[in-house]
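A.B. asks: Quick one: the structure is below, questions incoming.
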Amino acid sequence: MWKSRFHVAPPYGLLNDPNGLIYWKGEYHLFYQWNPNACEHGAKHWAHLRSKDLINWETLPVALSPTDSFDKNGCYSGSAIEKDGEIHLFYTGNVKNNGVRESYQCLATSKDGVNFEKKGPVIHDNDIPKEYTRHFRDPKVFMENETYKMVIGAQRVDLTGTVVVFSSKDLINWTFDKEVINEDFGFMCECPDFITDKKNSALLFSPQGIEADGDLYNNRYQSGYIIRELEEINKNNFIELDRGFEFYAPQTFIDEFHKNVLIGWMGMPEELDHPTIEKENWVHSLTLPRTLEITKNKILQTPHPNLKKLRKEKIQLEGIKIKNSLNLSEFGICGDTYELIIDLKNLDTDFKIDLRVGETEKTTFSYNYEKKKATLNRNHSGAGYTGTRSCSLKELEKIHIFMDKSSVEIFLNDGEEVFTANIYPNKSSLGIEIMTKMLFTIPMIKFFRI
């Protein structure tokens, strides 16, 4: 009853990081870390999906399996880039010999987008500079100034996290350039990425081991970005990408509209207490694709425009006056898979919305008008993990919600902030209720069944 209807999820086993995202020859290719043998972290494969629209996905044969000496303990995360009409996949080959880790940055290519030929390591274990441990992984490759760049997550020998860069002219021969972070980010930085939007750029990565600071950094591990050029190593103002619970290891790509798009793992490392494991033999999914825009020193994330194709029946309400509470179920607005958009311009009171409301269950998003704080509370969401997450928000003008069978993604103010969470309510918990502290007229509510 919790299997995702419109999020990418594994048929069985464990899913984690999205890999190799690319738009190639009119089609999207999406790979993800997959353990087909169990709902736990084991020897990772690259599962492979293909789509023309980011909505309807075709399952293709597994692209990479841990079958060679240089990746025998897992084909770890990586990226894709096109060269000479072929897809080039770069990934980390994880090797352990008698408990000693080795790390290889490997290449595989495909002419047809279905069958991939491993070319072996392009950066060998003994190529890793002596300043770093073998926690050296997750290559993201991109072109900058007619040179190929590869950012890699790394751990220094003093056990602090950083990001390093290699360069190449041909995708085969790689030269170490430098570190690009002049600061300690926990004990490891995973899944680095780099994007450019018009005249702005951002370095994205997922640091492990950052201490919580008030409402910040409250998940086991974090994912975020620094607005900067790649060379600006002294700029280290880290901003979280998502304010919710399950969001990690995001990767970006360029879509058919030449926009930066992000997909993340809707999960968290080392957290496997999910009811889908025992009940349905699968765990974790990917976020919906999000279009990125860098503006005013911030990355805005909005649902990809192709997601409108998911919409079915529409219900629209205008000029709805509310004081105390309003049960949207009275208008036929309820369910377990839907898109909900609420216009809240000129909000001047506290606001709260309960989602997946049942006899004893609810998932609550609230906004404290005086404290200027947004909060997601899943203490009563059903099975699975509990807790609250909050962030500062000067004003709340719009809420855009995607509800799936076992997840919720909440976009605020056209992507100024986003909350993502896994929730596991009963299938009978379908209600939606809105509450305000004072009289307020909601300009518009749009509801789409999915």
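The values are calculated or read from the model by the stated rules, or taken from the named source; none is laboratory data. These numbers come from a predicted model, not from an experiment. Ideal geometry is used to build each Cβ from the backbone, glycine not excepted, and the neighbour counts take in all protein chains shown. SASA here: full protein model, heavy atoms, side chains in, ligands and nucleic acids out. Shrake-Rupley method; radii C 1.70, N 1.55, O 1.52, S 1.80 Å.
A.B. asks: Give all pairs with beta carbons closer than 8 Å in which a residue from region 3-29 that is at positive phi meets a residue that is open to solvent by less than 10 Å² (accessible area, probe 1.4 Å) and outside any strand (DSSP E or B); count only pairs at least 6 apart in sequence or on separate chains.
C.D. replies: LYS25/GLY113
A.B. asks: Now for a separate question. State all residues of region 152-173 that are more than 21 Å from ASN19 (Cα to Cα) and part of a loop (DSSP other than H, G, I, E, B); if no residue qualifies, say none.
C.D. replies: Passing the criteria: VAL157, ASP158, LEU159, THR160, LYS169, ASP170, ASN173.
A.B. asks: How many residues does region 3-26 hold that are open to solvent by 40 Å² or more (accessible area, probe 1.4 Å) and either touching a Lys or Arg at 6+ places or on another chain (Cβ under 7 Å) or among the hydroxyl-bearing types (Ser, Thr, Tyr) (or both)?
C.D. replies: Number of matching residues: 4.
A.B. asks: Every residue in region 240-257 that is closer than 16 Å to PHE411 by Cβ and not acidic (Asp, Glu), please.
C.D. replies: Matches in region 240-257: LEU241, ARG243, GLY244, PHE245, PHE247, PRO250.
A.B. asks: I would also like to ask the following. May I ask you to list the residues in region 302-319 that are of a type in the set (Val, Ile, Thr) and open to solvent by less than 30 Å² (accessible area, probe 1.4 Å)?
C.D. replies: Quick first cut of region 302-319, residues of a type in the set (Val, Ile, Thr) only: 302, 315.
Passing the criteria: only ILE315.
A.B. asks: Residues that are farther than 20 Å from GLU416 by Cα and among the charged types (D, E, K, R): list the strands (runs of 3 or more DSSP E) wholly contained in region 239-334 that include at least 1 such residues.
C.D. replies: Answer list for region 239-334: 314-327.
A.B. asks: Does region 50-71 include one or more residues that are within 20 Å of the chain's Cα centre (by Cα) and crowded, with 24+ Cβ neighbours inside 10 Å?
C.D. replies: No, every residue in region 50-71 fails to be within 20 Å of the chain's Cα centre (by Cα) and crowded, with 24+ Cβ neighbours inside 10 Å.
A.B. asks: For residues that are among the small types (Gly, Ala, Ser) and in contact with a helix residue (DSSP H, G or I) (Cβ under 8 Å, 6 or more places away or on another chain), tally how many sit in region 370-423.
C.D. replies: Count: 3.
A.B. asks: Identify all residues within region 273-319 that are modelled with pLDDT under 95 and in contact with a strand residue (DSSP E or B) (Cβ under 7 Å, 6 or more places away or on another chain); write none if there are none.
C.D. replies: Correct list: ASN297 only.
A.B. asks: If you take the residues in region 142-161 that are under 21 Å from ILE81 (Cα atoms) and exposed (fewer than 13 other Cβ atoms within 10 Å of the Cβ), which one is nearest to the chain's Cα centre (by Cα)?
C.D. replies: MET143
A.B. asks: With the checklist (1) of a type in the set (D, E, K, R); (2) under 29 Å from TYR217 (Cα atoms); (3) open to solvent by less than 50 Å² (accessible area, probe 1.4 Å) in hand, flag the one item LYS352 doesn't pass.
C.D. replies: (3)
A.B. asks: Would you please name the residue that is nearest to the chain's Cα centre (by Cα), looking only at residues in region 206-217 that are part of a loop (DSSP other than H, G, I, E, B) and among the small types (Gly, Ala, Ser)? Don't jump to the end; show me each part of the working.
C.D. replies: First, pick out the residues of region 206-217 that are part of a loop (DSSP other than H, G, I, E, B): 209-212, 214-215, 217.
Now narrow it down to the ones that are among the small types (Gly, Ala, Ser): 209, 212, 214.
Working: GLY209: 19, ALA212: 20, GLY214: 23 Å.
Looking at residues that are part of a loop (DSSP other than H, G, I, E, B) and among the small types (Gly, Ala, Ser), I get GLY209.
A.B. asks: Keeping to region 98-141, report how many residues are within 19 Å of LEU30 (Cα to Cα) and open to solvent by 70 Å² or more (accessible area, probe 1.4 Å).
C.D. replies: Adding up the residues that qualify gives 4.
A.B. asks: Among the residues of region 398-429 satisfying the criterion of being outside any strand (DSSP E or B) and crowded, with 17+ Cβ neighbours inside 10 Å, which is nearest to the chain's Cα centre (by Cα)?
C.D. replies: Per the criteria, the residue is GLY415.
A.B. asks: Oh, and also: Would you confirm, using the coordinates I've provided, whether PRO139 is in contact (Cβ under 8 Å) with a residue 60 or more places away in the chain and within 20 Å of the chain's Cα centre (by Cα)?
C.D. replies: Taking the combined requirement at face value, the residue satisfies it.
A.B. asks: When you check THR360 against the structure, is it free of Cβ contacts under 8 Å to residues at least 24 places away in the same chain, of a type in the set (Val, Ile, Thr) and surrounded by fewer than 16 Cβ atoms within 10 Å (Cβ to Cβ), yes or no?
C.D. replies: yes
Residues checked against (1) buried (at least 18 other Cβ atoms within 10 Å of the Cβ); (2) assigned to a loop (DSSP other than H, G, I, E, B); (3) out of contact with any His (no Cβ under 8 Å at 6 or more places or on another chain); (4) not basic (Lys, Arg):
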{"position": "GLU183", "(1), (2), (3), (4)": "no, yes, yes, yes"}
{"position": "GLU190", "(1), (2), (3), (4)": "yes, no, yes, yes"}
{"position": "ILE195", "(1), (2), (3), (4)": "yes, no, yes, yes"}
{"position": "LEU204", "(1), (2), (3), (4)": "yes, no, yes, yes"}
{"position": "ASN219", "(1), (2), (3), (4)": "yes, yes, yes, yes"}
{"position": "GLN222", "(1), (2), (3), (4)": "yes, yes, yes, yes"}
{"position": "ILE226", "(1), (2), (3), (4)": "yes, no, yes, yes"}
{"position": "GLU232", "(1), (2), (3), (4)": "no, yes, yes, yes"}
{"position": "LYS235", "(1), (2), (3), (4)": "no, yes, yes, no"}
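A.B. asks: Name the residues in region 363-397 that are of a type in the set (Val, Ile, Thr), outside any loop (DSSP other than H, G, I, E, B) and either in contact with a Cys (Cβ under 6 Å, 6 or more places away or on another chain) or open to solvent by 10 Å² or more (accessible area, probe 1.4 Å) (or both), would you? Before the answer, list the steps.
C.D. replies: Quick first cut of region 363-397, residues of a type in the set (Val, Ile, Thr) only: 363-364, 375, 386, 388.
Filter again for outside any loop (DSSP other than H, G, I, E, B), leaving 363-364, 375, 388.
Matches in region 363-397: THR364, THR375, THR388.
A.B. asks: Let me ask you something else. Quick check on my filter: what residues within region 320-335 are open to solvent by 70 Å² or more (accessible area, probe 1.4 Å) and in contact with a Ser or Thr (Cβ under 9 Å, 6 or more places away or on another chain)?
C.D. replies: LYS321, LYS323, ASN324, SER325
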